[in-house]
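Reading through the structure tokens given below for one structure.
The values are calculated or read from the model by the stated rules, or taken from the named source; none is laboratory data. Given the structure is predicted, the values throughout are model-derived calculations rather than measurements. All Cβ positions, even for glycine, are placed from backbone atoms using ideal geometry, and neighbour counts span all protein chains on display.
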Amino acid sequence: MDNPSKRPGRLGVGVIGAGKVGAVLGSALRAAGHAVVGVSAVSARSLDRAEVMLPGVPVLEVPVVVERAELVLLAVPDDALPGLVEGLAETNTWQPGQLVVHTSGRYGWRVLEPAVAQGAIPLALHPAMTFTGTSLDLTRLTGACFGVTAPAAVLPIAQALVVEMGSEPFVIDEEQRGLYHAALAHGANHLVTLVAQATQLLGQAGVENPARLIGPLLDAALDNALERGEQALTGPVARGDAGTVRAHLEAIRRASGPDQDIVATYRALARATADRALAGGRLRPEQAESLLDALMGPSDLRDADERPPGE
């Protein structure tokens, strides 16, 4: 049976940040045969996570982890990454030939230029998935995708590391990292908000187990949308049912009371849906106009009243 630790090219990995991502990716690299030589952790939660996900790995100060490692995994918040890289460069901690990997979706490899100036090899590996910080994530990594950015000469190294973790690499151009990350955040993070709002309304409608009721519908909608794109659209906006949309807004207003964030979300998403349905030929112009009239909020009505006649 293949022993991962006996494969060629095994590296000593240092993990900076034992958050949900760092601990899991460190564990995945360890499972691929690399040796995790040190981890940095400060909070009680990160210390517990390091103990569970990286048992036996010494918890060390950041400079010591970097000094010991052939591959440094920087799993820190986006805003902290540039300062961390620069600070370690100022103390001449980076080493020639050392692989420096960060997991930020926002940045490409150029955020690592202070380390590159000292001879390090920069790789940006962003896992396109959400993390719990538990062993469950190791299963989810199998078949997951990573956004990979690196100089052309070392891009195969970045891709190989992703494949070793059981995932699929997608090459993202340096200048497109911001758009790439915005797309993922818009899809995944805002989906959570949308589902939370929908289950809240179901609860207010008297449904005891909102997740059980709406779960199959959401699963089907997501599968259909990924397979068929906007052709999977159903519901009152797709049909041009302006009266139903008005009734929805009134029901949500009554349920929400003074907190009208769900009304605003419904209105914004219905408008975007109507615009795209019109552009795609799903709605006739008069249907779209009726929908947009139904979706007008107080500020829209006020703006309309203030316009000069004929505008």
### Query
Applying the selection to region 213-235, what residues are over 25 Å from the mean Cα position of the chain (by Cα) and either hydrophobic (A, V, I, L, M, F, W, C) or more than 23 Å from LEU283 (Cα to Cα) (or both)?
LEU213
### Query
Just wondering, is there one or more residues in region 57-66 that are surrounded by fewer than 16 Cβ atoms within 10 Å (Cβ to Cβ), among the charged types (D, E, K, R) and in the same structural domain as VAL162 (by TED's automatic domain parsing)?
yes
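Yes/no matrix, rows are residues, columns are (1) in contact (Cβ under 8 Å) with a residue 24 or more places away in the chain; (2) under 26 Å from LEU155 (Cα atoms):
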site: VAL21; (1), (2): yes, yes
site: LEU47; (1), (2): yes, no
site: ALA50; (1), (2): yes, no
site: ALA75; (1), (2): yes, yes
site: ASP79; (1), (2): no, yes
site: TRP94; (1), (2): yes, yes
site: VAL100; (1), (2): yes, yes
### Query
Can you tell me which residues in region 125-140 are more than 17 Å from PHE170 (Cβ to Cβ) and in contact (Cβ under 8 Å) with a residue 60 or more places away in the chain?
PHE131, THR132, GLY133, THR134, SER135, ASP137, LEU138
### Message
With of a type in the set (Gly, Ala, Ser), surrounded by fewer than 21 Cβ atoms within 10 Å (Cβ to Cβ) and within 17 Å of the chain's Cα centre (by Cα) as the only criterion, which of GLY97, GLY83, GLY119, GLY143 stands out?
### Response
GLY143
### Task
Give region 191-220 a look and list any residue that's closer than 16 Å to ALA270 by Cα and either in contact (Cβ under 8 Å) with a residue 60 or more places away in the chain or surrounded by 15 or more Cβ atoms within 10 Å (Cβ to Cβ) (or both), or say none.
THR193, LEU194, VAL195, GLN197, ALA198
### Query
Quick one: how many residues across region 172-212 are within 23 Å of the chain's Cα centre (by Cα) and more than 30 Å from LEU123 (Cα to Cα)?
8
